[in-house]
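Below is one structure, written out as structure tokens; comments come after it.
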Amino acid sequence: MARLVVVSNRVGLPKSGARAGGLEVAIRPALKKRGGVWFGWNGRIAEGDPGPAQTLRKDNVEYVTVDLRKDDYEEFYNGFANRVLWPILHYRLDLAEFSRRDLSGYLRVNEYFASGLAQILRDDDIVWVHDYHLMPLARALRERGYKNRIGFFLHIPCPPPEILTSLPNHDRLVSALGAYDVLGFQTETDALNLGRYFSNECRFKRLDDETFLIDGRAVRVSVFPVGVETETFARLARRAVDTAFVRDVLDSLSGRAMIIGVDRLDYSKGIPERMNAFERFLGQFPDWRGKVTYLQITPRSRSSIPEYADIGRVVGETVGHINGAYGEASWTPVRYINKAHSRTALAGLYRAARVGLVTPLRDGMNLVAKEYVAAQNPDDPGVLVLSRFAGAAQECAAALLVNPYDPEGVAIAINKALAMPLAERQERQAHNFRVLRQNDLGRWAERFLAALEVPPEPQLAPVRA
Ligand code: G6P
């Protein structure tokens, strides 16, 4: 079996601790199972020029990480990746802040990653690159002469060409994806959008529904919805619900029903909109006042980016407003916490919550939704209220699907979830759980790697430079 080299901007170094973003949650177990190398940024900013890559071996994974320079961090991470690509790929043209300097920083860091990889890559390695930070990486590697099979998986949404084309230099950036062999997306819509871009903007020749002919290579564009470790997470939740931590939380609720939301502090997650919907719910269904507590766990993220600081302020104010307007001396409607929690703590809280509120305005997949389902007690399950704009809505079709832009609709769904009869809860839970067990994290990785390991057809073999 070929050695697997995974590349992502953020590397989940082996440490116990709080839950990270979806990418890290997905890659870590998949890579541990097969073994291989994980290459990327270690989260550190070098004082001067970054030194050589650092290597750490744990179990069957070798972590090879590099520092970023201060200007790389500003222009690549805070700049182009998270102030241009992130908002645009989440359909938020209004929030994109483009500068040519950031774009050159983005390209520079991709070159830096390519030269770091060049130190470790062997001819027969297969390379699996993750997420929007590294769109031009395969091209940078090809320019260095690498002929390896290289795959790319986009964890976040891919908008239609009408939006992609508003990205300055999109022709250079999006077409660079053609240097990969397999391009993986979370949903059918995402894959179709890229396919339309390839056909309409790049004029790449389509060979069949999923394949394009690009520079003499067959490039596959396909759907691989990322999953969670369904059974493992279910077991973890069964244990975690009896821990002192979860018991303390439940004791502090004095018998009230718990609604839970867990998200990075990010505007794509729709947290203020969700808070507004919860306020509507309290206004419209007064019988629930004093009987339900909404716990929102929201670790801070990308805090030096102004739009993230803004969203932090808005959420804080909204929580203060709701608690001021509806709270009692003996009851706080919303508990809002920025502290990150461990996977075990979250698993226990999910199982204990009557309602999981997952209402992003746009989300590639959203693994919190899937973990919430995995964590439920099948005999007495809670109800998932899920945005139709999360990739997870495709599989968790038995959740209460909502439009996060419609606060009244979400308020009604919260009421419906809290009042739902046991039989209906069981039925919805069984459906969602079945789907998530079938398409779990292991299957995601297996399917992607199987596609990547298929050698190119002989007549399309790479043309030697
Ligand atoms: C999302 C992205 C990941 C990213 C994570 C955390 O899940 O898809 O690529 O790693 O958020 O964000 P951060 O900027 O802290 O890496």
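Structure data summary
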quantity: Filtered residues of the stretch 118-138 (kept if of a type in the set (A, V, I, L, M, F, W, C) and either within 18 Å of Ala53 (Cα to Cα) or buried (at least 21 other Cβ atoms within 10 Å of the Cβ) (or both)); calculated: Ala118, Ile120, Leu121, Val127, Trp128, Val129, Leu134, Met135, Leu137, Ala138
quantity: Which listed residue, of Ala53, Ala30, Ala26, is within 20 Å of Leu154 (Cα to Cα), away from the ligand (no atom under 13 Å from the Cβ), touching a residue at least 60 places away in the same chain (Cβ under 8 Å) and among the small types (Gly, Ala, Ser); calculated: Ala30
quantity: Matching strands (runs of 3 or more DSSP E) fully within the stretch 182-227 where at least 2 residues are basic (Lys, Arg); calculated: 205-208, 217-223
quantity: Some residue of the stretch 125-133 being in a loop (DSSP other than H, G, I, E, B) and either among the aromatic types (Phe, Trp, Tyr) or modelled with pLDDT of 95 or more (or both); calculated: yes
quantity: Hey, Ser254 of a type outside the set (D, E, K, R), more than 18 Å from Pro381 (Cβ to Cβ) and within 16 Å of the ligand (Cβ to nearest atom) or not; calculated: no
quantity: Any hit, the stretch 155-167, residues being in contact with a helix residue (DSSP H, G or I) (Cβ under 7 Å, 6 or more places away or on another chain), at pLDDT 95 or above and under 26 Å from Lys33 (Cα atoms); calculated: yes
quantity: Residue under evaluation Glu424, criteria (1) surrounded by fewer than 24 Cβ atoms within 10 Å (Cβ to Cβ); (2) in contact (Cβ under 8 Å) with a residue 12 or more places away in the chain, criterion not met; calculated: (2)
quantity: Conditions (1) away from the ligand (no atom under 14 Å from the Cβ); (2) among the small types (Gly, Ala, Ser); (3) assigned to a loop (DSSP other than H, G, I, E, B): number failed by Gly12; calculated: (1)
quantity: Pairs where the first residue, in the stretch 270-287, is surrounded by 15 or more Cβ atoms within 10 Å (Cβ to Cβ) and the second is part of a helix (DSSP H, G or I) and hydroxyl-bearing (Ser, Thr, Tyr), C-beta under 6 Å, 6+ apart; calculated: Pro272/Thr318; Met275/Thr318; Leu282/Tyr326
quantity: Criterion (in a helix (DSSP H, G or I), hydroxyl-bearing (Ser, Thr, Tyr) and surrounded by fewer than 23 Cβ atoms within 10 Å (Cβ to Cβ)) met by exactly one of Thr293, Thr232; calculated: Thr232
quantity: Residue match in the stretch 294-312 (condition: without any contact (Cβ under 8 Å) to a residue 40 or more places away in the chain and more than 30 Å from Glu97 (Cα to Cα)); calculated: no
quantity: Residue list for the stretch 158-181, restricted to those being surrounded by fewer than 20 Cβ atoms within 10 Å (Cβ to Cβ) and assigned to a loop (DSSP other than H, G, I, E, B); calculated: Pro160, Thr165, Ser166, Pro168, Asn169
quantity: Identity of the residue in the stretch 33-50, closer than 28 Å to Met365 by Cα and either within 14 Å of the ligand (Cβ to nearest atom) or free of Cβ contacts under 8 Å to residues at least 24 places away in the same chain (or both), that ends up farthest from the chain's Cα centre (by Cα); calculated: Arg44
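Residues are listed down the side, and each one gets a yes or a no for (1) within 16 Å of the ligand (Cβ to nearest atom); (2) assigned to a helix (DSSP H, G or I); (3) on the phi > 0 side of the Ramachandran plot; (4) surrounded by 21 or more Cβ atoms within 10 Å (Cβ to Cβ):
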residue: Asp248; (1), (2), (3), (4): no, yes, no, no
residue: Ile259; (1), (2), (3), (4): no, no, no, yes
residue: Ser268; (1), (2), (3), (4): yes, yes, no, yes
residue: Arg302; (1), (2), (3), (4): yes, no, yes, no
residue: Val314; (1), (2), (3), (4): no, yes, no, no
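The values are calculated or read from the model by the stated rules, or taken from the named source; none is laboratory data. Just so we're clear, the structure is a prediction, and the values are computed from it rather than from any experiment. Positions of Cβ are backbone-derived with ideal geometry, glycine not excepted, and every protein chain shown enters the neighbour counts.
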